[in-house]
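What follows is a short report on a single structure.
The values are calculated or read from the model by the stated rules, or taken from the named source; none is laboratory data. Quantities reported herein were computed from a predicted structural model and do not represent experimental measurements. Reconstructed Cβ throughout: ideal geometry from the backbone, glycine too, with neighbour counts over all protein chains shown. Heavy atoms of the whole protein, side chains included, go into the accessibility calculation; ligands, DNA and RNA do not. Shrake-Rupley method; radii C 1.70, N 1.55, O 1.52, S 1.80 Å.
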Amino acid sequence: QVELVESGGGLVQAGGSLRLSCAASGRTFSSYAMGWFRQAPGKEREFVTTINWSGSSTYYADSVKGRFTISRDNDKNTVYLQMNSLKPEDTAVYYCAAKKASGATRYTRRDEYDYWGQGTRITVSS
């Protein structure tokens with residue numbers, strides 16, 4: 001069992017930046033691939049980015065590539081999402097997710113993840 005708690009959401013102007021954090025419980029954080037998803041009003045939850053167990057490999061949705069950066073600190077049991085050059089279309093609830101590593105290098109589907117945080121809301125004003 002893994003518990004995930006997101007923080008760092010809020011209201012920002014277009015072009016601004018936010019840094020989200022996801023703190024994980026347990027002593028086996030480094031065994032999990034981590035991901036960020038987001039869900040805008042009236043839309044399905046969509047993939048944003050993922051990072052492998054060691055932090056050596058990352059993958060991004062085209063919509064955020066070049067603007068968002070995922071990273072992790074296994075000693076702190078925390079994964080981060082640095083969001084720069086924010087756009088109004090980035091407005092959504094952002095969810096942190098954990099997947100027990102099983103060989104695949106990229107996890108982009110919701111049903112691939114085993115644990116989810118409660119979400120943190122990001123609103124980007126225009």
| task | For the stretch 28-42, enumerate the residues that are of a type in the set (A, V, I, L, M) and out of contact with any Cys (no Cβ under 8 Å at 6 or more places or on another chain). | result | A33, A40
| field | the stretch 9-25, residues that are hydroxyl-bearing (S, T, Y) and over 15 Å from R121 (Cβ atoms) | value | S17, S25
| remark: Of the candidates A40, A61, A101, the one satisfying the condition of being at pLDDT 95 or above and touching a helix residue (DSSP H, G or I) at 6+ places or on another chain (Cβ under 9 Å) is A40
| query | Residues in the stretch 101-108: is at least one under 13 Å from the mean Cα position of the chain (by Cα) and on the phi > 0 side of the Ramachandran plot? | reply | no
| query | Which residue pairs have Cβ atoms closer than 8 Å, lie 6 or more positions apart in sequence or on different chains, and pair a first residue in the stretch 38-58 that is farther than 14 Å from Y107 by Cα and of a type in the set (S, T, Y) with a second residue that is in a loop (DSSP other than H, G, I, E, B) and open to solvent by 80 Å² or more (accessible area, probe 1.4 Å)? | reply | none
| task | Residues that are open to solvent by less than 30 Å² (accessible area, probe 1.4 Å) and not charged (D, E, K, R): find the strands (runs of 3 or more DSSP E) completely inside the stretch 1-112 holding 1 or more of those. | result | 4-7, 10-13, 18-24, 32-39, 46-51, 68-73, 78-83, 92-100
